[in-house]
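Novice: Below is one structure. I have some questions about it.
None of the figures in this text is laboratory data; all of them are computed from the coordinates on show. Keep in mind the model is a prediction, meaning the values are calculated, not measured. For neighbour counting, all protein chains shown are included, and Cβ atoms are generated from backbone atoms with ideal geometry for every residue, glycine included.
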Amino acid sequence: MKILFISDFTLQQREGGAQVSNDLILKKGRELGHDIIEHTHSSSITDFLSSYDVVINSNLEGISKISPEKINYITNLPNSVRLEHDSCSYLDPKTREDLFSNCVKTFFLSEFHYSFFKDLYGDYFKNVEIVYDPIDVNLFRKVETKKVYDVVYCGFLHQLKGINNLIHFSRNNPDRHISVFGWGDTNPESSFEKETNIDFKGSKPYEEVASVFQQAQAVFHSPIVNEPFCRMIGEALLCGVEEIIGQTDKIGSYLEFQKVGYEKFKEKCGKATETFWTAIENL
């Protein structure tokens with residue numbers, strides 16, 4: 001099929017959970033022989049003038065801020081499918097409803113994700129399917145190894161990700177030692193300079209993240225906003241981390257794991273790209 005895949009940034013342009021997931025989905029789609037054109041914030045608007053068998057729109061926040069004139073085109077493209085990664089709060093109510101109403105199918109990342117969307121916006125979503133974020137389960141897996149980290153945070157450092165909550169936890173639990181692997185839009189190291197039990201270790205190549213979780217006793221994550229899935233927690237759980245510290249009732253992957261158990265969670269993460277493309281091919 002000829003497919004237009006719309007998202008604000010590629011993985012090469014910005015490292016984030018949505019970009020990692022989209023990159024895995026795109027690789028699988030091309031393996032299956034689909035002709036996929038990627039459209040980002042910097043792409044030409046002429047992409048919208050061609051005909052496509054399917055148009056998949058994903059993260060649009062960057063496009064809505066950098067190239068807002070594109071949004072009206074996107075909400076009217078035929079054969080559209082929505083791959084939702086967050087809360088879509090960056091769109092005004094009418095534009096958001098136009099976007100979803102124009103889509104013949106909507107993918108959410110967890111039951112929690114779909115549930116809070118209905119609570120926020122009502123239920124105008126068509127042909128809904130829950131498909132987890134894809135995770136390489138051959139990389140993120142349980143191994144027998146020494147635990148060298150007490151508490152770990154490994155991911156994007158932002159206020160909405162609960163960095164102040166992490167600092168609050170460190171001050172209330174001086175006996176816990178926290179290792180922070182991450183990156184941010186500003187200078188993240190400065191946030192932890194005064195914390196005696198937080199060790200900021202900088203960013204970690206993605207292929208080395210699994211070894212961090214495999215050597216961790218616990219992982220901390222206490223986001224300010226709802227996490228539709230959260231790759232960090234999903235990956236940590238697959239690596240066998242048993243202690244998840246934070247506001248877990250806001251984390252889709254944690255709630256799914258508690259519901260389905262390790263083996264089913266592993267299966268659904270491992271087969272997520274296949275599940276996604278099977279649904280697209282069956283439209």
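Novice: Find how much the distance from Glu267 to Glu281 grows on full extension, using 0.36 nm per residue of separation minus their present alpha carbon separation; answer in nm with one decimal. Each step should come with its number before you reach the end.
Specialist: Working: separation 14, 0.36 × 14 = 5.04 nm, distance 2.07 nm.
Value of the extension gain: 3.0 nm.
Novice: What's the longest uninterrupted piece of the chain once you rule out the GluC sites (Glu not before Pro) that are loop residues per DSSP with at most 12 other Cβ within 10 Å? Working shown, then result.
Specialist: Working: sites that count: Glu144, Glu193, Glu242.
After excluding every exposed loop site, the longest remaining stretch is 1-143.
Novice: Rounded to the nearest whole Å³, what is the per residue volume of the convex hull around the Cα atoms of the chain? Let's see the in-between values first.
Specialist: Numbers: hull volume 35.8 nm³, N = 283.
Measuring per residue, one finds 127 Å³ for the Cα hull of the chain.
Novice: Now a separate question. Would you mind listing how long the range 73-145 runs along its three principal axes, going by Cα atoms, in whole Å with the largest first?
Specialist: For the range 73-145, the Cα spread along each principal axis is 52, 26, 22 Å.
Novice: Just to verify a number: FRET efficiency for Lys118 and Ile37, C-beta to C-beta distance, R0 = 22 Å, to 0.05?
Specialist: Efficiency for this residue pair is about 0.10.
Novice: Using DSSP to define loop residues, name the trypsin sites (Lys or Arg not before Pro) in the range 132-163 whose beta-carbon has at most 10 other beta-carbon atoms within 10 Å.
Specialist: Details: sites: Arg141, Lys142, Lys146, Lys147, Lys161; in loops: Arg141, Lys142, Lys146, Lys147.
When the trypsin sites (Lys or Arg not before Pro) of the range 132-163 are filtered for loop state and at most 10 Cβ neighbours within 10 Å, Lys146 remain.
Novice: What number, in percent, do you get for the relative contact order of the range 97-209 if the mean sequence gap of Cα pairs under 8 Å and at least 6 apart is divided by its residue count? Intermediate values should be presented prior to the final figure.
Specialist: Values: 122 pairs, mean separation 22.8, N = 113.
Relative CO of the range 97-209 lands at 20 percent.
Novice: Using modelled amide H (1.01 Å from N, peptide plane; none on Pro or chain starts), what sits under 5 Å from the amide H of Val54, excluding residues fewer than 5 places away?
Specialist: It is Lys2, Leu4, by chain and number.
Novice: Between Ser179, Ser44, Ser87, where does the largest GNM mean-square fluctuation fall for the chain, given springs only between Cα atoms within less than 10 Å?
Specialist: Judging by the Gaussian network model, the answer is Ser44.
Novice: So if R0 is 25 Å, what FRET efficiency would Tyr90 and Ile224 give, r being the distance between their Cβ atoms, rounded to the nearest 0.05?
Specialist: Using R0 = 25 Å, I get an efficiency of 0.95.
Novice: At 222 nm, what value in deg cm²/dmol follows for the chain if DSSP H runs of at least 4 each add -39500 (n - 2.57) and the sum is divided by all its residues, to the nearest 500?
Specialist: On the way: 11 runs with 102 residues, N = 283.
One gets -10500 deg cm²/dmol as the mean residue ellipticity at 222 nm.
Novice: Amide H neighbours of Gly162 under 5 Å, counting only residues 5+ apart in sequence or on other chains, H built in-plane at 1.01 Å?
Specialist: Here Ile224 satisfy the definition.
Novice: For each pair in Lys65/Lys266; Lys70/Lys271; Lys118/Lys259; Lys70/Lys201, compute the distance between the two Cα atoms and list the pairs where it is over 31 Å.
Specialist: Working: Lys65/Lys266 36 Å; Lys70/Lys271 33 Å; Lys118/Lys259 20 Å; Lys70/Lys201 39 Å.
Over 31 Å Cα-Cα: Lys65/Lys266; Lys70/Lys271; Lys70/Lys201.
Novice: In whole Hz, with x marking every Gly and Pro, tabulate ³J(HN,Hα) for the range 190-198 from phi via Karplus 6.51 cos²θ - 1.76 cosθ + 1.60, θ = phi - 60°.
Specialist: In residue order, the calculated couplings are 5, 5, 10, 4, 8, 8, 6, 10, 10 Hz.
Novice: Between Asn173 and Glu193, what FRET efficiency comes out of the Förster formula 1/(1 + (r/R0)^6) with R0 = 22 Å and r the beta carbon distance, rounded to 0.05? Kindly include the intermediate steps, with their values, before the conclusion.
Specialist: Values: r = 19 Å, r/R0 = 0.85.
The value I calculate is 0.75.
Novice: What's the center-to-center distance, using Cα atoms, between the range 125-146 and the range 151-194 in Å?
Specialist: Cα centres, the range 125-146 to the range 151-194: 25 Å.
Novice: Amide H of Asp199 versus every other amide H placed in the peptide plane: which residues, excluding those fewer than 5 positions away on the same chain, fall under 5 Å?
Specialist: Ile178, Ser179, Val180
Novice: Evaluate the distance, in nm, between pseudo-label points positioned 7 Å from the Cα of Gln258 and of Leu49 along their respective Cα→Cβ axes.
Specialist: Placing both labels 7 Å along Cα→Cβ, they lie 5.2 nm apart.
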